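The values are calculated or read from the model by the stated rules, or taken from the named source; none is laboratory data. Only a predicted model underlies this, so the values are computations on that prediction, with no experimental measurement involved. In this analysis, Cβ positions are derived from the backbone assuming ideal geometry, glycine residues included, and neighbour counts consider all displayed protein chains. All accessible areas refer to the heavy atoms of the entire protein, side chains included, with ligands and DNA or RNA removed. Shrake-Rupley method; radii C 1.70, N 1.55, O 1.52, S 1.80 Å.
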Amino acid sequence: MLLLRCPLPLLLLLLPLASRPQKLPTRDEELFQMQIRDKAFFHDSSVIPDGAEISSYLFRDTPKRYFFVVEEDNTPLAVTVTPCDAPLEWKLSVQELPEEASGEGSGDPEPLEQQKQQITNEEGTELFSYKGNDVEYFVSSSSPSGLYQLDLLSTEKDTHFKVYATTTPESDQPYPELPYDPRIDVTSLGRTTVTLAWKPSPTASLLRQPIQYCIVINKEHNFKSLCAVEAKLSSDDAFMMAPKPGLDFSPFDFAHFGFPADNNSGKERGFLKSSKFGRQTSPKPRVDLHRVCIGNKNIFTVSDLKPDTQYYFDMFAVNTNTNMSTAYVGTFARTKEEAKQKTVELKDGKVTDVFIKRKGAKFLRFAPVSSHQKVTFSVHSCLDAVQIQVRRDGKLLLSQSVEGVRQFQLRGKAKAKYLIRLKGSKRGASMLKILATTRPNKQSFPSLPEDTRIKAFDKLRTCSSVTVAWLGTQERNKFCIYKREVDDNYNEEQKKREQNQCLGPDTRKKSEKVLCKYFHSQNIQKAVTTETIRGLQPGKSYLLDVYVIGHGGHSVKYQSKLVKTRKFC
């Protein structure tokens, strides 16, 4: 038997010579293996090779025809057609070879034009036809000899497809076999994770052939072939490498959901590469589709998913010897909803402490019991900046980023209810204090200048003292200054970790207190105070903190200042 490896004109030239007492050659395995390694050998050929998968392209409404010859009767035959990104119409038919092509004839061959007419004009007998986007097969344990034609058509759009044909289906088995239950099971479901399990392919468990499993995750639909996945992704995407045993990881951790191609990637992941055929197309936007190969494990946890979102999961068993794949029956699942946030009730004029996890959010509610013209929200962010949103009866009134102390005054409305959403920092947990009141004069937090830095005067440094200054406001407040000796290697990073502005003087040791004093100035340009801190040790480093304490007793810390006394005076 032979599935010819030559263009059709050469096929037609060979047929007149078949009247001589010889048969068409059977498959030379060594030559065949050499030829299928040369992918250009079958590029744009109309002849299907025996035992090798070919990839090609169809333009919309433009049919394509392929040929192969089965030389002997009662020959096993299997043909597989894999649509990629569009449904296909395909038909397999056979017509008898001219008598002289059977290898049994004698005498002069018929003229070439007459044989060509005889082969190409006959319709042949239709053996099988299909229309759709499933991977479909024609399998026969006993096929007649003849010239076989495979006709393909795409009426929807330009598309890729793959074809595989063999006369030794029992021994070839290039596609991994599916287990008796080819479904993917969802064994665990969370708000951001889904755990999948599936039964191993018999090709791996029984035949001991190298199989790896590749998972595809998307929000649109299931895929019926790995070819369809490749068509959906851009051609420069590469599969991810398998994670270390026992360590699942998320495909969403990577910017492009795969590693950039390198010189060795072709050897390791060659079956994942797409080829560009036909017309040039403009680049498409990256789709929300992710894939990862995980080796031979048959359980995997997908993480970093979005809550309350439906995802589609597909699993493909890939024979790494043949680079050919088989799809399990895909599944889908919706992640769980976010846990219902408990809404904290704010009381008029009382400070509430709020803790927010990294990237988390908290909801607060303020429902004044009396009518009001204005409502004031005072927010003191202890660490990093936080986002605040305020809605009145569902209408958004305020959306701001808050760092330090901020005050917002909004117009009131009778019987109004206010919903406050606080969103934490991406860098770490957030802490803050918030006060809501309908009484404009109720100010628990002290007012702060725009600049809360402490300035040290280098020229006034001595071996036992340092002189510093800081800004105040027009409001009379109490200021307390504290000092703490630190190591010489104390750095800005350590200082930053201690910048919790909500920790008041009550958390400090009495021995660290330098003094407290009241200070304000009606002229904001002159609202500056200085202080000399004495009794320090020569050549030592100190961390200085200034606290401003409001009328309600709540304090806010200025930015810490690291100073060092002179070693020699």
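Observations on the model:
- Average 1/r across all pairs of distinct alpha carbons in segment 344-437, invert it, and you get the Kirkwood radius: 13.2 Å.
- For segment 465-569, the square roots of the Cα gyration tensor eigenvalues, ordered a ≥ b ≥ c, give a/c of at least 1.5 with a/b greater than b/c, which places it in the prolate category.
- Length-normalised contact order for segment 358-455 - Cα pairs under 8 Å, 6+ apart - percent: 42 percent
- Sequence-separation-based contact order of segment 454-564, relative, with Cα cut under 8 Å and 6+ spacing, percent: 42 percent
- Set Lys455/Lys561; Lys483/Lys564; Lys342/Lys426; Lys232/Lys297; Lys483/Lys526 screened for pairs whose C-alpha atoms are more than 19 Å apart: Lys342/Lys426; Lys232/Lys297; Lys483/Lys526
- In this structure, the pairs whose alpha-carbon distance is over 23 Å, taken from Lys357/Lys415; Lys64/Lys162; Lys347/Lys557; Lys131/Lys219, are Lys357/Lys415; Lys347/Lys557; Lys131/Lys219.
- Heavy atoms of the protein chains alone define the surface here; on that basis segment 454-564 has 56 Å² accessible area per residue at 1.4 Å probe size.
- Using equal-weight Cα scatterers in the Debye expression, the normalised intensity of segment 188-229 in log10 at q = 0.18, 0.31 Å⁻¹ is -0.77, -1.11.
- Scanning residues 5 or more positions from Val466 or on other chains, those with amide H under 5 Å from its amide H are Ile533, with H placed 1.01 Å from N in the peptide plane.
- Segments 381-388, 46-53 sorted - mean Cβ within 10 Å per residue, highest first: 46-53, 381-388
- Surface calculation, 1.4 Å probe, protein heavy atoms: Thr507 sits at approximately 80 Å² accessible.
- Theoretical gain in end-to-end length, Asn323 to Tyr180 [0.36 nm per residue, Cα-Cα removed]: 49.2 nm
- Amide H contacts of Tyr175: none lie under 5 Å away among residues 5 or more positions distant or on a separate chain (H built 1.01 Å from N in the peptide plane; Pro and chain starts excluded).
- For segment 318-380: accessible area per residue (Å², 1.4 Å): 60 Å²
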